[in-house]
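Please read the structure below before turning to the comments.
The values are calculated or read from the model by the stated rules, or taken from the named source; none is laboratory data. Bear in mind the structure is a predicted one, so any value in this text is a computation, not a measurement. Quick reminder, even Gly has a Cβ in these numbers, built from the backbone with ideal geometry, and neighbours come from all protein chains shown.
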Amino acid sequence: MIHRIFIACLLCFFLLGCKSKKPGYTDEDYDTVSQPGKPQINETFLPQYISKVTGEIILDGAGTEKDWDKSVWRNMDQLMLGDMPTKEDFSGRYKLLWDEEVIYMLVEIEDDIFMDVHRDGLEKYWDDDCLEIFVDEDRSRGPHQYDYNAFAYHLSLDDKVVDMGIHQKPQYYNDHLLISKQRDGNKIVWELGVKLYSDKYDDDNPEASRVKLASRKQIGFMVAYCDNDNSTEREHFVGDMFIPGEDKNMGWIDAGVFGQLNLKE
Ligand SMILES: [Ca+2]
Ligand SMILES: [Ca+2]
Ligand SMILES: [Ca+2]
Ligand SMILES: [Ca+2]
């Protein structure tokens, strides 16, 4: 009898676990997009189709290459933490291209006060102004907080790249991004190359898990900006993805809230 009760409890626990709604959308949700009467998926979750570079992108913080004309701007206007900034306080947008080696990013940020007060790049890096780039190489989604299922790169104003490592401590991943930027008053333009690494990533041999890009590849991707203007904690955290549910600061934990890139020729 006790044995049966135990099995029944185990079954209930399993079923409840399966039913608990994870952040983001499932493949089932995507399937409802074109079905009448079903709730529409938020448009930020629809795939971005990214063009391949035909010329050469010179990383110099200026999107003057002709290839950039093939790409459309995507706004960073979805609030994840704090209150919604005015346009003067923060505005941001980005566009993307790709080749076999990297995803190219052109990011325009306007911020009334640029702030970088934590001298130690591993200390409260999210409370300085920083650009956050979320990458799930195989768009597998799911948790990634302390593993390499996905990365959440925090790019600081002084060109440091930080994320949580497998030892549950923040660490540098400076080599994962190729960085260039130009700053003019309250505007920064970043022109970046983002390398892709699989979930087999190993600090001692990063290149072994490096993934080359190809047409029709799908990638989980999201971009956000931590805006602080001399407060003790960041004032706004604004990205390009609508995140369902109460707690919208989920990107650093769960890759299910990332958007979807589809690479095309
Ligand atoms: Ca350039
Ligand atoms: Ca600001
Ligand atoms: Ca993954
Ligand atoms: Ca700021």
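If you go through the stretch 60-82 and keep only what is surrounded by fewer than 15 Cβ atoms within 10 Å (Cβ to Cβ) and more than 20 Å from the chain's Cα centre (by Cα), you end up with 60, 62, 64, 66, 69, 70. One residue is enough: does the stretch 110-124 have a residue meeting the conditions assigned to a loop (DSSP other than H, G, I, E, B), in contact with a Lys or Arg (Cβ under 6 Å, 6 or more places away or on another chain) and closer than 21 Å to residue 158 by Cα? Yes, the stretch 110-124 contains a residue that is assigned to a loop (DSSP other than H, G, I, E, B), in contact with a Lys or Arg (Cβ under 6 Å, 6 or more places away or on another chain) and closer than 21 Å to residue 158 by Cα. Being modelled with pLDDT of 95 or more, under 20 Å from residue 232 (Cα atoms), touching a Phe, Trp or Tyr at 6+ places or on another chain (Cβ under 6 Å) and charged (D, E, K, R) is the requirement here; does residue 136 meet it? Here the answer is no, as residue 136 does not meet what is asked. For the stretch 227-242, give me each residue that is touching a Leu at 6+ places or on another chain (Cβ under 9 Å) and more than 12 Å from ligand 4 (Cβ to nearest atom). Within the stretch 227-242, 239 is the sole residue that qualifies. Only a single item in (1) away from ligand 4 (no atom under 16 Å from the Cβ); (2) under 23 Å from residue 171 (Cβ atoms); (3) of a type in the set (A, V, I, L, M) is not met by residue 131, and it is number (1). With the condition kept exactly as written, say whether any residue in the stretch 50-73 is touching a strand residue (DSSP E or B) at 6+ places or on another chain (Cβ under 8 Å), on the phi > 0 side of the Ramachandran plot and within 16 Å of ligand 1 (Cβ to nearest atom). Yes, there is a match, as at least one residue in the stretch 50-73 is touching a strand residue (DSSP E or B) at 6+ places or on another chain (Cβ under 8 Å), on the phi > 0 side of the Ramachandran plot and within 16 Å of ligand 1 (Cβ to nearest atom). Once the stretch 38-86 is narrowed to residues that are in a loop (DSSP other than H, G, I, E, B) and in contact with a His (Cβ under 9 Å, 6 or more places away or on another chain), the residue that is farthest from residue 189 (Cα to Cα) is 83. Within the stretch 215-222, is there a residue that is under 18 Å from the mean Cα position of the chain (by Cα) and free of Cβ contacts under 8 Å to residues at least 60 places away in the same chain? Yes, that holds for at least one residue. Is it the case that residue 168 is exposed (fewer than 13 other Cβ atoms within 10 Å of the Cβ) and either within 16 Å of ligand 2 (Cβ to nearest atom) or part of a strand (DSSP E or B) (or both)? No. Kindly establish whether residue 237 is within 16 Å of ligand 3 (Cβ to nearest atom) and modelled with pLDDT of 95 or more. The answer is no for residue 237. Taking the stated definitions as given, is residue 228 farther than 23 Å from residue 63 by Cα, of a type outside the set (Val, Ile, Thr), crowded, with 19+ Cβ neighbours inside 10 Å and modelled with pLDDT of 95 or more? Here the answer is yes, as residue 228 does meet what is asked.
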